[in-house]
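The structure appears right after this line, and notes come after that.
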Amino acid sequence: TPGPTTLDVNEIIMKNRIISIREHYDIEDRAGNKIAEGEGNFIQFPAKFEVKDSRTGMEIMRIEGKVFSFRDQFTFIDNLGVELGTIRKKIVKLVGSEYWVEKDGVELMRIYGDFLEHDYSMEAGGQVVARVHRKWVSIRDEYGISILGPVDHRLVVGAAIVIEHVEVKERRERSST
């Protein structure tokens, strides 16, 4: 496994540019120091994102959408090309949405909560390992990510990017009909 990355902090602030052709996320530590950037393109098919270390410009991970799938599905790949896991959205759920991350058919993490309000939890082995909450008073969309347990921080940040992308895409599709 690669050594620690700039994402190995337990309190992360993720800022999303509201008006942009590209999806861009500034990822900061709690003190406001930019530690990484995530970038993708709204019109790219399938959707892809790249997360880079802000200091070195080196890739931390890629997030690649699956071309044809009944459900939204994205794979997280580290900077060495090794698959970290795949996030999928549950197709049918009576109330709200649910996602999970798996690797080689084994569930690593379940993600549930209110995605429209940006208030959700990530659970591994029955334990909450991360929480995401929206910071309402900000110039652009800001999300606090608290990592509470043993989990690959890249999966947490990657999942937050994917969920934001999928939920924004679905809101646009609903509002255009």
Considering residues that are open to solvent by less than 70 Å² (accessible area, probe 1.4 Å) and either without any contact (Cβ under 8 Å) to a residue 12 or more places away in the chain or within 13 Å of Lys90 (Cβ to Cβ) (or both), the number found within segment 100-112 is 6
Among the residues of segment 39-51, is any surrounded by fewer than 14 Cβ atoms within 10 Å (Cβ to Cβ), among the charged types (D, E, K, R), part of a strand (DSSP E or B) and modelled with pLDDT of 90 or more? no
In this structure, is Val137 modelled with pLDDT under 95, open to solvent by 10 Å² or more (accessible area, probe 1.4 Å) and part of a helix (DSSP H, G or I)? no
Name the single residue that is most open to solvent (accessible area, probe 1.4 Å) among those in segment 113-134 being part of a strand (DSSP E or B) and of a type in the set (Asp, Glu). Asp119
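The values are calculated or read from the model by the stated rules, or taken from the named source; none is laboratory data. Please read these numbers as outputs of a predicted model, since none were measured by experiment. Neighbour counts run over all protein chains shown; Cβ positions are idealised from the backbone, glycine included. Note: areas computed on protein heavy atoms with side chains; ligands, DNA, RNA excluded. Shrake-Rupley method; radii C 1.70, N 1.55, O 1.52, S 1.80 Å.
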